[in-house]
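Structure record follows, encoded as structure tokens.
The values are calculated or read from the model by the stated rules, or taken from the named source; none is laboratory data. Note that the coordinates shown come from a computational prediction; the quantities given were computed from them, not determined experimentally. Ideal geometry is used to build each Cβ from the backbone, glycine not excepted, and the neighbour counts take in all protein chains shown. SASA here: full protein model, heavy atoms, side chains in, ligands and nucleic acids out. Shrake-Rupley method; radii C 1.70, N 1.55, O 1.52, S 1.80 Å.
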Amino acid sequence: GTIFYAASDGQLQVQQMSWNKECTYRMPVSTWQKMMDAHYPNTAFISLQRDVFDRLHEYKQGAGVSSWEETITRLLVQNDEPQTANAETITQSE
């Protein structure tokens with residue numbers, strides 16, 4: 001990887017770093033949010049446990065869906081249908 005940093009005199013410095021090493025940087029949240037808004041407008045990111053992601057990915061592949069948006073939309077629609085049917089049944093029986 002490559003690390004960019006300012007030297008004590010303010011000059012930009014570049015340092016190569018082995019891929020088996022790590023470097024941390026405490027980026028302000030506002031900087032991260034601005035970057036995400038600039039490069040990924042109108043999107044949100046979620047963090048999933050690996051087993052949940054694996055199940056979602058398996059569903060996506062099995063359904064032949066090309067995007068994550070369509071995958072989740074399909075699941076939401078499937079989830080909404082029984083609730084709507086149940087709500088109508090309850091209303092009719094009252």
(message) Condition first: touching a Leu at 6+ places or on another chain (Cβ under 8 Å) and surrounded by fewer than 10 Cβ atoms within 10 Å (Cβ to Cβ). Can you find one or more residues in segment 3-18 that meet it?
(response) yes
(request) Give, as residue ranges, the helices (runs of 4 or more DSSP H) completely inside the chain that count at least 2 residues that are at pLDDT below 90. (result) 68-93
(message) Being free of Cβ contacts under 8 Å to residues at least 24 places away in the same chain and open to solvent by 80 Å² or more (accessible area, probe 1.4 Å) narrows it down to one residue among S47, S67; which is it?
(response) S47
(request) Mind listing whichever residues of segment 19-33 are more than 16 Å from the chain's Cα centre (by Cα) and either charged (D, E, K, R) or surrounded by 10 or more Cβ atoms within 10 Å (Cβ to Cβ) (or both)? (result) K21, E22, R26
